[in-house]
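The structure under discussion appears below in the form of C-alpha cells.
Quick note: the coordinates plus some simple rules give every number you see, no bench work behind them. Since the model is a prediction, treat every value here as computed from it, not as a measurement. A quick note on method: Cβ atoms are made from the backbone with ideal geometry, for glycine too, and the neighbour counts reach across all protein chains shown.
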Amino acid sequence: MENQFIAASGKLSSNLGATRRAGLIGAMALALSVAASLPSPALAQSFPSGSVSIVIPFAAGGTTDVLARKMAPMLQKKWGQPVIVENRPGAGSVVATQHVAKASPNGQTILLTDFSLSTNQVLMKTLPYDLDKDLRPVVSVAEWPLAITVDAKLGIKTLPELVEYSKKHRVNYGSFGIGTAPNLVMELFKSQTGMTIEHIPYKGVAPVFLALAAGEIQVTVMGAGAARTRVQNGDLIALGLDSKSDLLPNVPTFAQAGYPNMRAPAWWGIVAPRGTPDATVAALNQAFNEVLTDPGIKEFLVSQGYAVGGGSSVDMGRLIQESIALWGPVVKKANIVLE
C-alpha cells in the first residue's frame, strides 16, 4: 500500500512525500494499535463468556434435578465458568420454558426439559412462547421407556388379558394429572384396542400408588425405573414396555405383546433460545455429548431405567416433532385440554 502511494505521488516534492509517508505510517500504526485492542472474531464468538444456567421445570430433588446437578460440575470444569442449576417449576413446565425462550440467545441460559415440551403444544390452547420461533434443539439427554402396569391382585399377566378383562369388569387407570404420560399412554392404548377403561387423575405420583393399594384404580403407567421395585415386590405386574429395559428384562415390548403400533416414549433433552448462534449450539451439543459418555453419568442413568441420549441437534429436533405428531391425534380424539 505504501509503495502504491509513493508511485502515485511522484510529481510531489520529496519533503511532501516524506511528510505524507510519515503520516501514513503513523495512521497505520494507530489502526494496528486499535485493532489489537479489539477482540478477534474467534474471541468474540467464544463460549461461554460467563456463567451458564441450566433451567429445569421441576422442583429440586427429582431425577431431572439430580441429573442436572451431576452434569453441572463436569460442564463447569470443561468451560471454566460457573454452571448453575435453576429450578423453575410451574404450569406443566411452561414457566421454565418461557423463561428460557425469552432469555438472551448466547447459550448461557438453557433448558433441560422432558417431552412435555412437545405435549404442551397439543394440550394447551395458548402458550406464552412459540416453540418454532423462540427455541432451538440442542441435544437429547436420555430416553425412558414407559410401562403399562396392573395391580398384581387382578391376576392379569398380559396386555391382551387386560383388554379382555375390561370387557367384563369395571377398570380404572390412574394418572399423575390430566395430560401427563399415564393419561396420554392409556388413551392411546384405549384407542388402539377399543377397551373400556376410565381415567382417574391424581395430584402426583404418591396418590396413584395409594389408590392402587386401596383398589381405587387397577392400572397405571410408569417408567421402568419406578416400576422395578414394585414389580419385584409383587405389588404390580408390568405388561408391556415402549422398548426393552434391563431393569425389567422379562417384560415384552408393546410390539412383542401384539401391539406394533403402540408407543409410549419419554425423553429428556436440552433446548436453547432460538437466536443462539450455530457455533454456540455446536459447542453445547459437543459438551453434553462428552458428559454423557462419563461412566458416572451413564451408571446413574441406567440405574434409573434411562437409555443414555446424545446425538446431533437435528436428532433432538426430530424427537420433538415426532412426539407432537404422536400425541396430537390422541389428545384430539380423547378431547384432553389443559388451560
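At what distance in angstrom do the alpha carbon centres of the stretch 306-339 and the stretch 93-149 lie from each other?
Their Cα centres are 10 Å away from one another.
Using 7 Å Cα-to-Cβ label points, what is the K153/T196 separation (nm, one decimal)?
For the pair K153/T196, the computed spacing is 2.2 nm.
What length, rounded to one decimal in nm, is gained on full extension from K70 through to Q256, with 0.36 nm per residue of separation minus their alpha-carbon distance? Before the final figure, lay out the partial values.
Details: separation 186, 0.36 × 186 = 66.96 nm, distance 3.53 nm.
Working it through step by step, the gained length comes to 63.4 nm.
Label points 7 Å out from Cα along the Cβ direction at N233 and Q81: separation in nm?
Placing both labels 7 Å beyond Cα along the Cβ direction yields 4.5 nm.
Using a cut-off of 16 Å between alpha-carbon atoms, which aspartates and glutamates can reach K157, once sequence neighbours fewer than 8 places away in the same chain are excluded?
The qualifying aspartates and glutamates are D235.
Of the residues S116, S191, S313, which exhibits the maximal mean-square fluctuation in a Gaussian network model of the chain defined by a 10 Å Cα contact cut-off?
Result for the chain, Cα springs under 10 Å: S191 fluctuates most.
Could you calculate the FRET efficiency of R274 with V302 from 1/(1 + (r/R0)^6), where r is the beta carbon distance between them and R0 is 45 Å, rounded to 0.05? Write out the running numbers ahead of the final one.
Details: r = 33 Å, r/R0 = 0.73.
That gives a FRET efficiency of 0.85.
Using helices alone, what [θ] at 222 nm do you get for the chain, with -39,500 (n - 2.57) per DSSP H run of 4 or more residues, divided over all residues and rounded to the nearest 500?
Values: 14 runs with 156 residues, N = 339.
It comes out at -14000 deg cm²/dmol, rounded to the nearest 500.
Given a cut-off of 22 Å, what percent of all Cα-Cα pairs of the stretch 246-332 lie beyond it? Write out the running numbers ahead of the final one.
Details: 1698 of 3741 pairs.
For the stretch 246-332, the share of Cα pairs beyond 22 Å comes to 45 percent.
About its Cα centre, what dipole magnitude does the stretch 221-327 give when the only charges are +1 on Lys and Arg Cβ and -1 on Asp and Glu Cβ, stated in debye to the nearest 20?
Working: 7 positive and 9 negative charges, 53 e Å.
Taking the Cα centre of the stretch 221-327 as origin, the dipole is about 260 debye.
Could you calculate the contour length gain from Q286 to N335, that is, 0.36 nm times the residue separation minus the distance between their Cα atoms, to one decimal place in nm? If you can, show how the numbers build up before the last one.
Numbers: separation 49, 0.36 × 49 = 17.64 nm, distance 4.04 nm.
Stretched fully, the Q286-N335 segment lengthens by 13.6 nm.
Once Lys and Arg get +1 and Asp and Glu get -1 on their Cβ, which of A238, G258, G80 lies farthest toward the positive end of the dipole of the chain?
So the residue furthest toward the plus end is G80.
Report, in listed order, any pair from K70/K244; K167/K190; K168/K332; K78/K133; K125/K332; K203/K244 with a Cα-Cα distance greater than 20 Å. Display every interim value, and only then the final one.
On the way: K70/K244 26 Å; K167/K190 12 Å; K168/K332 27 Å; K78/K133 30 Å; K125/K332 12 Å; K203/K244 29 Å.
Over 20 Å Cα-Cα: K70/K244; K168/K332; K78/K133; K203/K244.
Tell me which label goes with the value of P(r) over Cα pairs in 20 Å bins from 0, in percent computed from the coordinates here: [x] 31, 58, 11, 0; [y] 27, 45, 15, 8, 5, 0; [z] 28, 53, 18, 1.
Recomputing P(r) over Cα pairs in 20 Å bins from 0, in percent here gives the entry labelled [y].
Assuming R0 = 35 Å, what is the FRET efficiency of D130 and T293, from their Cβ-Cβ distance, to the nearest 0.05? Spell out each step's value before the answer.
Details: r = 34 Å, r/R0 = 0.96.
Taking R0 as 35 Å, the efficiency between D130 and T293 is 0.55.
Obtain the nm distance between the two label points defined at A213 and I324 by a simple spin-label model: each point lies 7 Å from its Cα along the Cα-to-C-beta direction.
4.2
Note the full-extension length gain between E161 and V205 as 0.36 nm times their separation in residues minus their Cα-Cα distance, in nm to one decimal.
On the way: separation 44, 0.36 × 44 = 15.84 nm, distance 2.56 nm.
Taking 0.36 nm per residue and subtracting the Cα distance, the gain is 13.3 nm.
For the chain, with a Gaussian network of springs between Cα atoms less than 10 Å apart, report the residue from N183, N285, N172 with the top mean-square fluctuation.
N172
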